[in-house]
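To keep things clear, I will list the structure first and then write my remarks on it.
The values are calculated or read from the model by the stated rules, or taken from the named source; none is laboratory data. Everything numeric in this text was worked out from a predicted model, so none of it was measured. Reconstructed Cβ throughout: ideal geometry from the backbone, glycine too, with neighbour counts over all protein chains shown.
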């Protein structure tokens, strides 16, 4: 799997102000986001759950090859199964993060692995939020990135599970482009959300200062 802009944005934008001791990356893919959080914070436990076997193996390989191997743990399971097991143990996470599958159209490719990774049939917004609500700590936060067109629906659905919006960042490719993504942060406590915007590029392959400031710690050339 390639390193995508969405994952880099989410891993860099997610707040660690609550000094999380436990972190969970849902749908780890290559393990990118979990690795970014290991670089950014001192959490002793950073778990990553991934349903696809090949992606899981890649996650574990990347974890083992990193400087933070002793704090990174991969689990090959569906998030629903994982969340139910964690909840049964009465365990929680201080930071939960997910770059979820968000293709909601009623069609799929002929590649089953690609479908699982990219289509919402693999993990619906409802199942994602339901699971998060079971295992987030009292003062924990949940962050995600979704298409802007899904934002209102996602926020309303989150409230159903007592997850309230704290921060939102609207992301556009260039200053004249339409908003494409929404970075969202939720917690169990209702608050007036803080809204910001982020533009990625000035022109093609020339990044804005704001994007470079956010992500420069994770690129070799930035």
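Structural remarks
- Where strands (runs of 3 or more DSSP E) sit wholly within segment 162-211, those with at least 2 residues that are touching a residue at least 60 places away in the same chain (Cβ under 8 Å), within 17 Å of residue 142 (Cβ to Cβ) and in contact with a strand residue (DSSP E or B) (Cβ under 7 Å, 6 or more places away or on another chain) occupy 164-172, 179-187.
- Taken over segment 6-37, the residue count meeting the criterion of being within 23 Å of residue 180 (Cβ to Cβ) and over 12 Å from the mean Cα position of the chain (by Cα) is 1.
- Per-region count, segment 45-73, residues surrounded by fewer than 18 Cβ atoms within 10 Å (Cβ to Cβ) and under 19 Å from residue 96 (Cβ atoms): 3
- Of everything listed in (1) on the phi > 0 side of the Ramachandran plot; (2) within 18 Å of the chain's Cα centre (by Cα), the single unmet condition for residue 162 is (2).
- Just so you know, in segment 184-209 the residues that are within 22 Å of residue 222 (Cα to Cα) and crowded, with 17+ Cβ neighbours inside 10 Å include one that is farthest from the chain's Cα centre (by Cα), and it is 207.
- Only one entry of 38, 43, 34 meets the criterion of being at pLDDT 95 or above, in a loop (DSSP other than H, G, I, E, B) and farther than 18 Å from residue 123 by Cα, and that entry is 43.
- Meets criteria (surrounded by fewer than 20 Cβ atoms within 10 Å (Cβ to Cβ), farther than 20 Å from residue 6 by Cβ and touching a helix residue (DSSP H, G or I) at 6+ places or on another chain (Cβ under 8 Å)) for residue 153: no
- The one condition in (1) touching a residue at least 60 places away in the same chain (Cβ under 8 Å); (2) surrounded by fewer than 20 Cβ atoms within 10 Å (Cβ to Cβ); (3) in a helix (DSSP H, G or I) that residue 9 fails to fulfil: (2)
- Among the residues of segment 38-71, those that are under 16 Å from the mean Cα position of the chain (by Cα) and either closer than 16 Å to residue 14 by Cβ or in contact (Cβ under 8 Å) with a residue 40 or more places away in the chain (or both) comprise 38, 39, 40, 41, 46, 47, 48, 51, 55.
- Scanning segment 18-30 for residues that are modelled with pLDDT of 95 or more and in a loop (DSSP other than H, G, I, E, B) returns 19, 20, 21.
- Residue list for segment 81-117, restricted to those being assigned to a helix (DSSP H, G or I), at pLDDT below 95 and surrounded by 16 or more Cβ atoms within 10 Å (Cβ to Cβ): 115, 116, 117
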